[in-house]
Amino acid sequence: MSSTIQDVAHAAGVSPSTVSRAFTRPDLVSAKTRERILQVASELHFSLSRSAAALKSGKSLRIALLMSGKMNLWFVSSIFEGLNEVFHDAGYDVSVYQMSTTDERKEFFQNLPLRRNADAVIVSSFSIEKEEVQLLSSIGIPVIGINVDNPDELGFTAAVNIDDIHGSELAARHLIQLGHTKIAYVSTHRNVTLHFSVQTRIDSFAAYCASEGVTVQNIPCNITEDGRYPISDVASRILSMPELPTAIACQEDGIAIPLKFQLERSGLHIPRDISLIGFDDSFYASDLGLTTIRQNPIELARKAAQMTLELIDGKTLDTPLCVEKAELVVRSTTTRAHA
């Protein structure tokens, strides 16, 4: 027969309500008392019903995470890791909703207020409409952004962004200071109607180059149905150009790293023939000597999760919109332009 909350209370010498608070509101119980309760609960193989805890608190104990990319991508998996580290310890589950079109996004925002099955919504790396944010805000559901465009204008409750403008300008300035004027930029081309935050990187990079009298040639990288980048097609486009660029900037390391291999397989030397720079400082970037722009999505996600918990608890954030500076990491894939 399963142990009850009364059994734990009797064995621990406390009231049933104190046992409940030890599980659902540990901040209201002294560390010594909670430790004793948890020890007794473990010995009696007792666990508090999640549905009962949710009912008692009036919360779903669930966070809705809206993402645009596949879970096996470095940035996406890093965001989930950082969020889960914080939410798991706080007793929350994270439900992932992968979005590909505006229709999917609109359906989510139409249904969520009816279901009320999330205490907060986190949007990662794409934009939503101001009316959608307002709809959730009107019923007390905070909307938090991670690397989203114009969070202030759209009315996000809070947001944590990498400074894509600063990072892209660092990348452009680095290449131009090395004497490069024939520069190409590789960015993803998505056959969907969502506006993704990486557009800021492209626009900022091109704008900085234009201010220095350099015109950037954009090279699109399509995305397959299973979320893969056909880098061999990108390499073919580059090799088919009438005049090869002396430098290539990529929207992310996930493009730059395989492109490096493809170009070298075709007989080009990186960086003697073409300098190459990425964005992210992701897995293997350091091992492969990739010059890149560093960001830390796990830390971004941790910060967003902490802000989310404070908002759920009704607290006011001192700094609801946070921007983290990017950092240029120079390695061996960039060098001075050849004469």
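The values are calculated or read from the model by the stated rules, or taken from the named source; none is laboratory data. Computed from a prediction, not measured in an experiment: that's the story for all the values here. Every residue, glycine among them, receives a Cβ derived from its backbone with ideal geometry; neighbour counts consider all protein chains shown.
Enumerate the pairs (first residue in segment 244-264 and under 20 Å from Gln199 (Cβ atoms); second residue anywhere and crowded, with 23+ Cβ neighbours inside 10 Å and acidic (Asp, Glu)) with beta-carbon separation below 8 Å, excluding pairs fewer than 6 apart on the same chain, so at least 6 apart or on different chains.
Glu252/Asp280; Asp253/Asp280; Gly254/Asp280
Going by what's in this entry, would Lys260 be described as among the charged types (D, E, K, R) and either more than 19 Å from Val329 (Cα to Cα) or surrounded by fewer than 21 Cβ atoms within 10 Å (Cβ to Cβ) (or both)?
The answer is no for Lys260.
Could you list, in sequence order, the residues of segment 105-134 that are outside any loop (DSSP other than H, G, I, E, B), closer than 27 Å to Ile298 by Cα and either under 21 Å from the mean Cα position of the chain (by Cα) or among the aromatic types (Phe, Trp, Tyr) (or both)?
Arg105, Phe108, Phe109, Ala120, Val121, Ile122, Val123, Ser124, Phe126, Lys130, Glu132, Val133
Kindly evaluate Arg62 against the criterion of being basic (Lys, Arg), at pLDDT 80 or above, out of contact with any Lys or Arg (no Cβ under 9 Å at 6 or more places or on another chain) and within 21 Å of Tyr92 (Cα to Cα).
Here the answer is yes, as Arg62 does meet what is asked.
Take Ser211 and decide whether it is small (Gly, Ala, Ser), under 18 Å from Ile63 (Cα atoms), surrounded by fewer than 17 Cβ atoms within 10 Å (Cβ to Cβ) and without any contact (Cβ under 8 Å) to a residue 12 or more places away in the chain.
no
Return yes or no: is Thr308 more than 18 Å from Val198 (Cα to Cα), in the same structural domain as Asn72 (by TED's automatic domain parsing) and surrounded by 22 or more Cβ atoms within 10 Å (Cβ to Cβ)?
Yes: the conditions hold for Thr308.
In segment 147-164, which residues are part of a helix (DSSP H, G or I) and among the acidic types (Asp, Glu)?
Once the filter is applied, which keeps residues that are part of a helix (DSSP H, G or I) and among the acidic types (Asp, Glu), segment 147-164 yields Asp152, Glu153, Asp164.
Based on this model, can you work out whether Ser137 counts as on the phi < 0 side of the Ramachandran plot, in a helix (DSSP H, G or I) and not assigned by TED's automatic domain parsing to the domain that holds Thr291?
Yes, satisfied.
Is it fair to say Glu225 is surrounded by 13 or more Cβ atoms within 10 Å (Cβ to Cβ) and more than 18 Å from His180 (Cα to Cα)?
Criteria not met by Glu225.
Which condition from (1) in contact with a Leu (Cβ under 7 Å, 6 or more places away or on another chain); (2) assigned to a strand (DSSP E or B) is the one that Thr292 breaks?
(1) is the only condition that Thr292 fails.
Residues of segment 310-339 being at pLDDT 95 or above, assigned to a helix (DSSP H, G or I) and aliphatic (A, V, I, L, M), which ones?
Leu311 - this is the single residue of segment 310-339 that is at pLDDT 95 or above, assigned to a helix (DSSP H, G or I) and aliphatic (A, V, I, L, M).
Can you find a residue that is of a type outside the set (Ser, Thr, Tyr), closer than 21 Å to Pro151 by Cβ and assigned to a loop (DSSP other than H, G, I, E, B) anywhere in segment 256-276?
Scanning segment 256-276 turns up no residue that is of a type outside the set (Ser, Thr, Tyr), closer than 21 Å to Pro151 by Cβ and assigned to a loop (DSSP other than H, G, I, E, B).
Taking the residues in segment 228-257 that are among the polar types (S, T, N, Q) and buried (at least 20 other Cβ atoms within 10 Å of the Cβ) as candidates, determine which candidate is farthest from Glu169 (Cα to Cα).
Thr246
Looking at segment 93-104, which of its residues are touching a residue at least 60 places away in the same chain (Cβ under 8 Å) and either in a loop (DSSP other than H, G, I, E, B) or under 17 Å from the mean Cα position of the chain (by Cα) (or both)?
Residues satisfying the conditions are Met99, Ser100, Thr101.
Give Arg173, Arg228, Arg201 a once-over and let me know the one that is touching a Gly at 6+ places or on another chain (Cβ under 8 Å) and basic (Lys, Arg).
The match here is Arg201.
Can you confirm whether Leu321 is in contact with a strand residue (DSSP E or B) (Cβ under 6 Å, 6 or more places away or on another chain) and surrounded by fewer than 16 Cβ atoms within 10 Å (Cβ to Cβ)?
Here the answer is yes, as Leu321 does meet what is asked.
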